[in-house]
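Reviewing the structure listed below.
The values are calculated or read from the model by the stated rules, or taken from the named source; none is laboratory data. Note that this is a predicted model, so its numbers are computed, not measured. Note that we place each Cβ from the backbone using ideal geometry, even for glycine, and neighbour counts take in every protein chain shown.
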């Protein structure tokens, strides 16, 4: 995620902090200093850091549950609004998804219980307004906040964990795509409820409603896209008219190709036509700014580009594109020569065509295939988890 820096690595998961989080800490310090001086400012910052420690543990609950099912978890990013654990994919098995989704809130339950037993005080869950007063013990504050994180997380609406829990239960009884549509519709209905309440009581609820509405829509569209990908061959979606760059090319050559074509990604091939890497538009511009037009393309291109064989199922290529975050997937013939390329743009165009034609192009009678939908960006959408979340 842009504007984030690495804090540490725990196994295969990198923990990062978004720079805007530092702005939150500064704002807390200034606000508390104005109310009670240096001691209040320090107390406010310590409390926020402790709170986000609980959020981080919540995210590791998702991470550890995902690892049980062999799902890689590249990173966790702490944001002012919470945390995001990026999972390369969510489990296809509803029971496994239920375990991964519920693991985060269960961590907060354990934390709240431990703090309640250790604090020796009785924290009133129904009075969160008093949490900001110095008279309330900090352990009691953290106890109450963790309880509220659990309750907020279990709202049955995407992108909260409760939405995934609801989808998992529904998917045990019905097709996954239909379960997702029901869960997403539920989330969007609740978003309208929160927004309406926010107009009269708390404007913050309007922000929450907006977040839930967008997250639910993106989740539904992403699942519709995966369903539409089934039964489609990569040959139907790949770009065949594209330009490649030789391994000896310079950045200046790439810039010329960028200006003369509509491509954003350029495969880089050796003398035998084998793909050595891919140069993206962003990488090209960054190299032009930092290293100049004579920099070799081979030194700035992305390597280890996923490749699938012509005739392969498009669903596999689409999953690779989602899980690896690569800007394109190459399609090669049996000799290893590149004959096509898949990018988010042309994948989106395929899905729009599928949606216009009906199920897999066979009309709207629903006799075969799955419905297509205008897709969101292929980059996974955040799933907040009570100030935290998972990103598949």
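Counted as qualifying within segment 10-88 are the strands (runs of 3 or more DSSP E) with 1 or more residues that are more than 15 Å from the chain's Cα centre (by Cα), namely 13-18. Residue-level check: of (1) modelled with pLDDT of 85 or more; (2) in contact with a helix residue (DSSP H, G or I) (Cβ under 9 Å, 6 or more places away or on another chain), residue 276 misses just (1).
For residue 177, state whether it is in contact with a helix residue (DSSP H, G or I) (Cβ under 8 Å, 6 or more places away or on another chain), modelled with pLDDT under 85 and within 18 Å of residue 84 (Cβ to Cβ). Judged against the criteria, residue 177 is not a match. The test for being assigned by TED's automatic domain parsing to the domain that holds residue 65, over 19 Å from the mean Cα position of the chain (by Cα), surrounded by 15 or more Cβ atoms within 10 Å (Cβ to Cβ) and touching a residue at least 24 places away in the same chain (Cβ under 8 Å) holds for residue 142. Of the residues 55, 46, the single one that is farther than 30 Å from residue 71 by Cβ and modelled with pLDDT of 85 or more is 46.
Identification of helices (runs of 4 or more DSSP H) wholly contained in segment 158-244 with 3 or more residues that are outside the structural domain of residue 273 (by TED's automatic domain parsing) and crowded, with 22+ Cβ neighbours inside 10 Å yields 161-171, 176-200, 204-229. Among the residues of segment 286-297, some residue qualifies, meaning at least one is at pLDDT 85 or above, within 23 Å of residue 75 (Cβ to Cβ) and not in a loop (DSSP other than H, G, I, E, B). Return a yes/no flag: does segment 253-263 have any residue that is touching a residue at least 40 places away in the same chain (Cβ under 8 Å), outside any loop (DSSP other than H, G, I, E, B) and farther than 30 Å from residue 82 by Cα. Yes, that holds for at least one residue.
Scanning segment 61-105 for residues that are surrounded by fewer than 23 Cβ atoms within 10 Å (Cβ to Cβ) and without any contact (Cβ under 8 Å) to a residue 60 or more places away in the chain gives 64, 67, 68, 69, 70, 71, 91, 93, 96, 99, 103.
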